[in-house]
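Since the structure comes first, as structure tokens, the remarks are kept for the end.
The values are calculated or read from the model by the stated rules, or taken from the named source; none is laboratory data. Computed from a predicted structure; not experimentally measured. We place every Cβ from the backbone using ideal geometry, glycine too, and count neighbours over all the protein chains shown. Just the protein is used for accessible areas: all its heavy atoms, side chains included, with ligands, DNA and RNA removed. Shrake-Rupley method; radii C 1.70, N 1.55, O 1.52, S 1.80 Å.
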Amino acid sequence: MNILNRINKKLKRNLTAIMMTGLIGLSFSHVNAADIVDLNLEESVQRAFANNRTIKQASANRESAFWGLSVARRQSNPKLTWEGNGQRVGGKYYSSSNYNRSFSNTASISMPVYSGGQLEEQRATARYELNSADLELEQTLQTVRATATQLYFYVLQCRNQIEVEEEAVNVLQEHLDNVNAQFRVGTVAKSDVLASQVQLAEAQQDLVNAQNNFDNAVADLCNYIGLPADTILRPRDQLTYTKYNLSLEDCTKYALQNSPSCAIADYAVKEAESAKRSAKSGYRPTVNASVTKNITGKTELHNDITDSWTAGLSASWNIFDGGITSSQVHQADAALIRAQETAAAAREEVQVNVQKAFLDLYAAEKNIATTKIAVDRAEEDYKIAQVRYAAGVDTNLAVMDAQEKLTDARSNYYTALYRYNTAKADLDQSMGIPVGIDVNRYVTAEQNGKNAAEAREEAAITDEAAETPIANEVAPVVTISNLDVASPLPSEAVETELTR
């Protein structure tokens, strides 16, 4: 099956319904500080689309480029100007004159007839800048999706680590109780009690650190998706493993055709080519057409009004400008080479990023299987160590060592799941999996002569994405309204769930 078809089908199933809602004013109920919010991955991404400020910045940049194109197009329009002045005169110099007031009005209409190609290239450059701004907005959306996904997965990872450390504390507390019971009947030494207490204290410290990491992860996610930093999040998802069926070759081919960074670099080359052609316009003449109407007069003793008009063409040509145009052409040529090198580097970088994300995904996939086996064996080893210690045929150190290996194995398993899912998010971003518009279809439509709005409409994944992005008013700063140190922390909600 063709790679594009395979990925497009996957998009229709999993991405289309959720990715563009933020662009059309997705609304959420107001969340106050320290509120408890149940959230899944899709809702996190939607909130990021609706509230993240980098998207709003990209939308404003796109609108600025749109009006830049409008300015460039209007440079060829006729321009109407009017100038008027009136004067009152007096004094010895004018004593013999028969007037004491004068006035003049001049109205003119002018328009460029031929600019040597300069105005045409300015329009082309502005059009390419608008195309780039469209793709930069799409690139921003993809980055926001990937970042929100990674932040959400990190919250899940930190929550899993709390569970691991909580389990370690419970196991060590149970073991310490058993050691104390045996010490009271004289079957174990005091050193076993002390060693078990130290091990428990270290596990309790690890639990506190895990809870703090979770609280910080929640604060980062809340900030990114537009919630108060002290919101208590309760993620509804779990880190899972779903096999990825595409090959590295498939992913790389798709990325080279669909990555926004490659298309943006290509438009930068087109801008540089247009700038070079514009610089060459200095070798050519310019022609302007104008019509001028003049009314002048003197008044007081008698009126003396003059009415005249002129119409015609004016031409100018820099036969020799001291080598300025030649230097500008050479400067533009160097800028073109730089843009071409940048475009080539962008494609190389995309290939490297895809390969790195794919290899990370593959390594994490292998580690998931390995660490799952390690968890099962570590659980069995710990049970054996407990039985042997209770029977008096093994040491307390062996039990604590087995417990530490069990905690490490569980932590490694969740870490492998976390790295697999974040590598998948990195791979999607590196490949240019679309959020709002299909980059390849957009570029093709633009090359076929369609303007930016038409290209966006043809490449849009949803009806909402086809609409022109609007730069809205700046949203107010999300503030923490409750600074009471006694307010609950996000990790306290997790701890409550674990103890139920």
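Counting 0.36 nm for each residue step from PHE320 to GLU464 and taking away their Cα separation leaves a gain of 46.4 nm.
Taking 0.890 mPa s as the viscosity and 25 °C as the temperature, the Stokes-Einstein diffusion coefficient of the range 275-392 based on its alpha-carbon Kirkwood radius rounds to 103 µm²/s. Given in Å, the Rg to one decimal and the Dmax to the nearest whole number for the Cα atoms of the chain are 35.6, 135.
Secondary-structure-derived ellipticity at 222 nm for the chain, considering helices only, amounts to -22000 deg cm²/dmol, per-run term -39500 (n - 2.57) for DSSP H runs with n ≥ 4.
Using a 1.4 angstrom probe, figure out how much accessible area the chain has per residue, in square angstrom, rounded to the nearest whole. Computed with neighbouring chains in place, this is 54 Å² per residue. Helix 41-51 and the long axis of the chain differ in direction by around 30°, with both axes built from C-alpha atoms. Axis angle, to the nearest 10 degrees, between helix 53-73 and the longest C-alpha principal axis of the chain: 20 degrees. Charge dipole of the chain (Cα centre as origin; +1 on each Lys and Arg Cβ, -1 on each Asp and Glu Cβ, all else neutral): 2360 debye, rounded to the nearest 20. At q = 0.16, 0.17, 0.22 Å⁻¹ the log10 of I(q)/I(0) for the range 369-415 amounts to -0.41, -0.45, -0.66, computed by Debye summation with a single uniform scatterer per C-alpha, solvent ignored. The heavy atoms of VAL474 present about 130 square angstrom of accessible area, all protein chains included, probe 1.4 Å.
Between the helical axis of 324-390 and the longest alpha-carbon principal axis of the chain there is an angle of about 10 degrees.
Rounded to whole Å, the principal axis extents of the Cα atoms in the range 159-289 read 110, 39, 29, largest first. The calculated FRET efficiency for the pair ASN170 and ALA344, based on their C-beta separation and a Förster distance of 56 Å, comes to about 0.45. Rolling a 1.4 angstrom probe over the chain with all protein chains present gives an accessible area of which 51% lies on carbon and sulfur atoms.
The label-point distance for ALA363 and ILE337, in a model that sets each label 7 Å from Cα toward Cβ, rounds to 3.9 nm. Taking chymotrypsin sites (Phe, Trp or Tyr not before Pro) as exposed when DSSP calls them loop and at most 15 other C-beta atoms lie within 10 angstrom, the chain has its longest site-free stretch at 29-240. Full extension of the segment from ALA391 to GLU63, taken as 0.36 nm per residue of separation minus the current Cα-Cα distance, would add 110.4 nm. Extension gain for SER104 to LYS253 (0.36 nm times residue separation, less C-alpha to C-alpha distance): 46.7 nm. For the range 184-277, applying the loop criterion from DSSP together with a ceiling of 13 other beta carbons within 10 Å to the trypsin sites (Lys or Arg not before Pro) yields ARG236, LYS243. Per-residue SASA remark: ASP266, around 50 Å² accessible (1.4 Å probe; ligands, DNA and RNA not included). Measuring between alpha carbons in the structure, the pairs from LYS270/LYS424; LYS243/LYS356; LYS372/LYS424; LYS253/LYS424 lying more than 26 angstrom apart are LYS270/LYS424.
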